[in-house]
Amino acid sequence: PKHPFINTRFLFPSSDTYTMTTRRSLSPTLLLLLSLLITVTLIAAQKFEPYEINGGLTAAVSGRNFAILASDTRLTDGGYGIKSRRYTSSRLFRVGGGTNGGDGFERAMSGGDIVKCSTSGAMIGCSGCAADCDALRRVLQIEARSHSHSSPTPLTADSIATLLSNVLYSRRSFPFYSFCVVCGLDPVSRTGVVHVYDAIGSHERVAVGCSGTGKEMLQPVLDRLFSSVEVTKEVDGGGAGGVLRRDAGVVSARDQSRGLSLAPPVQTH
């Protein structure tokens, strides 16, 4: 029997009232869980990867009165796809010396023969992510142009090597995925200068060096051929260029991400 002073509706709620109350209390929780599930699914599906290895192999040899730099010209998509077979725009470029990778330098490199440059400035070979290599090229050329406007002293190969190290290290939190080789001449001793880099700017001056895909196979060959003092004295720029073109075929037989030869060699003397 109903008590005259007690409302039994609040003591024994109906099923409809209980269902509506439960739905109202659980709906924000369900929406939150559903949104988290969708977010995690989208993140796992996208697998964001900012870098792409577009291949490339660069090699440099220094000697008495010359320094020579060469690169392959194949641009891949990170796998077996080949985007270009004659790609040199950000693979080989010049910094300093009055020509910051101009059209004349690009047209000369497209010929395939040995390209001879002046002793001022330096040549840089980049391999890795093509977009980062191109961005790095623009930054270096802007810095070199700014230096030419503010100082009459030209940039040497060692100063460009230091500039490149500072630029790479400044992006250490989100680095340029580019592995560089700097090649030039010492203006005092007239000997070749070669610096090799990692992605965050650590560098070392060496007699011969290479970077990029296949460097593990080419570096021992270069060390064996140019480690002897007698060989270093006897070899000239043309001989070093022929060696680079010949021995790079060994790497191309094992690695599809690089071209058949290192061309065109760029020589300064």
Residues (closer than 19 Å to G56 by Cβ and either free of Cβ contacts under 8 Å to residues at least 40 places away in the same chain or not basic (K, R) (or both)) located in segment 207-219
V208, G209, C210, S211, G212, T213, G214, E216, M217, L218, Q219
Please work out which one of (1) open to solvent by 20 Å² or more (accessible area, probe 1.4 Å); (2) outside any helix (DSSP H, G or I); (3) modelled with pLDDT of 90 or more is the condition E143 fails and give its number.
(2)
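Taking the condition among the aliphatic types (A, V, I, L, M), in contact with a strand residue (DSSP E or B) (Cβ under 8 Å, 6 or more places away or on another chain) and buried (at least 23 other Cβ atoms within 10 Å of the Cβ), does V181 pass?
Values: among the aliphatic types (A, V, I, L, M): yes; in contact with a strand residue (DSSP E or B) (Cβ under 8 Å, 6 or more places away or on another chain): yes; buried (at least 23 other Cβ atoms within 10 Å of the Cβ): yes.
For V181, the condition - among the aliphatic types (A, V, I, L, M), in contact with a strand residue (DSSP E or B) (Cβ under 8 Å, 6 or more places away or on another chain) and buried (at least 23 other Cβ atoms within 10 Å of the Cβ) - is met.
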So which strands (runs of 3 or more DSSP E) stay within segment 157-269 end to end and still have 2 or more residues that are of a type in the set (V, I, T) and either within 19 Å of C129 (Cα to Cα) or at pLDDT below 85 (or both)?
178-185, 266-268
Please verify whether segment 124-132 includes one or more residues that are of a type in the set (G, A, S), farther than 21 Å from E52 by Cα, surrounded by 16 or more Cβ atoms within 10 Å (Cβ to Cβ) and within 20 Å of the chain's Cα centre (by Cα).
no
Before we move on, is S84 open to solvent by less than 40 Å² (accessible area, probe 1.4 Å), within 15 Å of C183 (Cα to Cα), modelled with pLDDT of 85 or more and over 16 Å from the mean Cα position of the chain (by Cα)?
no
Residue satisfying condition, being at positive phi, at pLDDT 80 or above and touching a strand residue (DSSP E or B) at 6+ places or on another chain (Cβ under 8 Å), within set G63, G96, G101
G96
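The values are calculated or read from the model by the stated rules, or taken from the named source; none is laboratory data. Keep in mind it's a predicted model, so treat the numbers as computed, not measured. Glycine gets a Cβ as well: all are built from the backbone with ideal geometry, and neighbour counts include every protein chain shown. Only protein heavy atoms, including side chains, enter the accessible area calculation; ligands, DNA and RNA are left aside. Shrake-Rupley method; radii C 1.70, N 1.55, O 1.52, S 1.80 Å.
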